[in-house]
Amino acid sequence: MATLRQTRAPDTATTEREHPHTISLKLREMSQLFNSMDPSPFIEKDLDDDAEEFIVSWAQEFSPDAPLKLRIYLDQWPAEDPKELIRTAVHNHFAYRAKIADLEFKRLLKQGRTSLIIGLLFLSACLLLSKMLLGHEGGTWAAVIRESLTIAGWVAMWRPMQIYLYDWWPLLRRTRIYAKLSHMPVELVQGGKS
């Protein structure tokens, strides 16, 4: 089982610009970093879900501009030096995640445009139908139908408004975090040495 921990430099504006926040992972062996179900070579492998979640959750704790560094403590050092292999694998993993998150972001905006067009057309149809069929009728049923058509039209605008007001920015933030993690320095330390 991997021990995951986080350390960081003192919280001053000057220090934050100069020294990166350090996210530390303590592993028994190199294979703990990677998803055991992924048959790809190490440099193309997915990171273990727990390790990825830990790294990303700590990256989200800091401002988007704060520099980050990943330090991995490895108890069982392999025969061949794993530094470049792990560095490349971590960078490749987060670059791939950034690409996928960017595609999700673009898909969401496309869905938002489609939903907006449909919503506006439906809202216009409801308002037009209300005006044409009921005109200035003053009865109770006419008022109920007019209000129902108006509400139905605005309910159709719910999804595009949700996308454009709330759904896009978490995806954009995740894309930026993954992109930052795909370039962060990765440092390997043998055993308990620091």
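Coordinate-derived values only; no laboratory data. Just so it is clear, the model here is predicted, and its values are computed rather than measured. Reconstructed Cβ throughout: ideal geometry from the backbone, glycine too, with neighbour counts over all protein chains shown.
By how many nm would the segment from Lys106 to Asp49 lengthen if fully extended, with 0.36 nm per residue of separation less the alpha-carbon distance?
Details: separation 57, 0.36 × 57 = 20.52 nm, distance 2.45 nm.
Stretched fully, the Lys106-Asp49 segment lengthens by 18.1 nm.
Give the separation of the Cα centroids, segment 156-181 to segment 65-107, in Å.
23 Å
Past the 28 Å Cα-Cα mark, which pairs from Lys106/Lys180; Lys110/Lys180; Lys83/Lys180; Lys83/Lys106?
Too far apart for the 28 Å limit: Lys83/Lys106.
Got the relative contact order for segment 102-173 handy, in percent, Cα pairs under 8 Å and 6 or more residues apart?
52 percent.
Order these by the 10 Å Cβ neighbour count, fewest first: Ser31, Ser124, Ser115.
Ser124, Ser31, Ser115
Report the local net charge at Ala98: Lys and Arg +1, Asp and Glu -1, summed over other residues whose C-beta lies under 13 Å from its C-beta.
+4
Provide the gained length on full extension for the span Glu84 to Ile151, in nm with one decimal, where the gain is 0.36 nm per separating residue minus the Cα-Cα distance.
Once the chain is fully extended between Glu84 and Ile151, it gains 18.2 nm.
Could you compute how fast segment 43-132 diffuses translationally, taking Rh as the Kirkwood radius over C-alpha pairs and applying Stokes-Einstein at 20 °C with viscosity 1.002 mPa s? Give it in µm² per second.
Rounded, D is 123 µm²/s.
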